[in-house]
Amino acid sequence: MPADPAAIDIVIPTRDRGHLIAATIHSILSSSQSHFQLWIVDQSEDELTATSVAAIAGQDARVHYLHATPHGSNWARNVGASTGRGDYILFTDDDCLVSPDWVNSMVQELATNGTSAVFGQILPIPAGATEGRPVDQKTTQALPIALKDEPQREVYEGNRFNLGFGHGANMGLTRRTYQRIGGFDNLLAAGGALRSWPERDLGYRILLRGGRIVYTPKALVYHRHWRGWEELRRTYRNYGIGTGAAVAKYIRSGDWAAIYLLLEWFVGQGLRPMLSGLLKWHSYRKIVAGGLQLIYPWVGLVQSLRYPVDREHILYLPEWPESI
C-alpha cells in the first residue's frame, strides 16, 4: 500500500449540493487509509459548497477546493484528476458515503499488475442515516439509480461491450490508464451537452485498448436516493440521450459493431423494464422509464452530430467551427 499521500488522489465533482458535501468528505477522512489528497471540484452557483469545504480544509490539509466552470461532472473529474499527481485516482459523488476500507480496497485492486480500472459495490444509504426530503420508496425500488450489489468479484477483459461493471460513484483508475485513454469525455456526463453515459463510455474505451476492469464488492459506497419521480424521469431521459450519443461516437470512430450496444440498450433498458413494469411491478412509471429508452437514444444520436470526434482517443470535441 502506498505510504506517500501524493500517491492517491480522490476526486468529488459537485454542484449545488452544499448541504450534502460535508458528510461525503467526513466519510472519506474517516477512512482506514489516511494517505491521500482529496479534491473537491465545485461547479455550484452559490457559495454554500465553498463555505462547507473551507471549514473542513482549514482543519485538514488533505482537503483541497477547486472551482470549475459548470460544464458537467466529467469536466469536473478531469479538472480534479489533472490537478492531482497520484498514481491512483479514485472517484465518488457528492451524494455518497464511503466505507472505512473503501480507499484501501480500491487501491489494492489498482495496484494489481494489469488492472486498469476498478469499480465497487454501491448500496442505498440506510434509512435515517442522512437528513433530507423523503423519497417515494416504491418508485426508487422499481427504478433504482446507480446501484451495484453483486456479492462476487468479477474481472472484465476482452469484450468491449460487457459494460455492467458499475457506476461512476464508486470508480478508480490508474493514472497511466487515465492518460492513455485521454481522460473522461467532457460531453458525456451529467451536466454535459450530450447528457449521461460516463462510466460505460470510460469502460468501453479501456476495454477496446486491451485494458482490464475489476469489480470488487469489498470497496463499498452508500448512495443517497434523493430523486423524486420528475428527477428520475429526467435522469432516465438523459441516460437514453447519452446512450445514443456514445454509440454514434463509436461508429464515427470506426467501430460499426457498436450498433450492438444500441440494440442491447433497447432490449435491456427499454423493452424488458416495460414488461416488468407491467407484469411484476404494476408501475406506470417503470413502463414510462423503459419507453424513454426506446426514444431518447435517437435524440442523442442526432444531437451528437453537432460535435466532431477525436478518433484516436474516441472523445467528443467542442462544436464544429462556423464556416467563414
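Tabulated results
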item	result
Selection within the range 100-120 - under 18 Å from the mean Cα position of the chain (by Cα) and without any contact (Cβ under 8 Å) to a residue 24 or more places away in the chain	none
Residues being surrounded by 14 or more Cβ atoms within 10 Å (Cβ to Cβ) and over 22 Å from the mean Cα position of the chain (by Cα) - total across the range 261-272	1
Residue check for Leu232: crowded, with 22+ Cβ neighbours inside 10 Å, out of contact with any Phe, Trp or Tyr (no Cβ under 6 Å at 6 or more places or on another chain), modelled with pLDDT under 95 and not hydroxyl-bearing (Ser, Thr, Tyr)	yes
When residues of the range 97-121 are limited to those that are assigned to a strand (DSSP E or B) and touching a helix residue (DSSP H, G or I) at 6+ places or on another chain (Cβ under 6 Å), the one surrounded by the fewest Cβ atoms within 10 Å (Cβ to Cβ)	Leu97
Single condition Ala54 does not satisfy, out of (1) under 30 Å from Asn113 (Cβ atoms); (2) outside any loop (DSSP other than H, G, I, E, B)	(1)
The listed residue being outside the structural domain of Ile181 (by TED's automatic domain parsing) and at pLDDT 95 or above, out of Ile213, Ile251	Ile251
Restricting the range 273-324 to residues that are closer than 21 Å to Phe184 by Cβ and among the hydroxyl-bearing types (Ser, Thr, Tyr), the residue that is surrounded by the fewest Cβ atoms within 10 Å (Cβ to Cβ)	Tyr307
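The values are calculated or read from the model by the stated rules, or taken from the named source; none is laboratory data. Since the model is a prediction, treat every value here as computed from it, not as a measurement. Backbone-built Cβ (ideal geometry, glycine too); neighbour counts: all protein chains shown.
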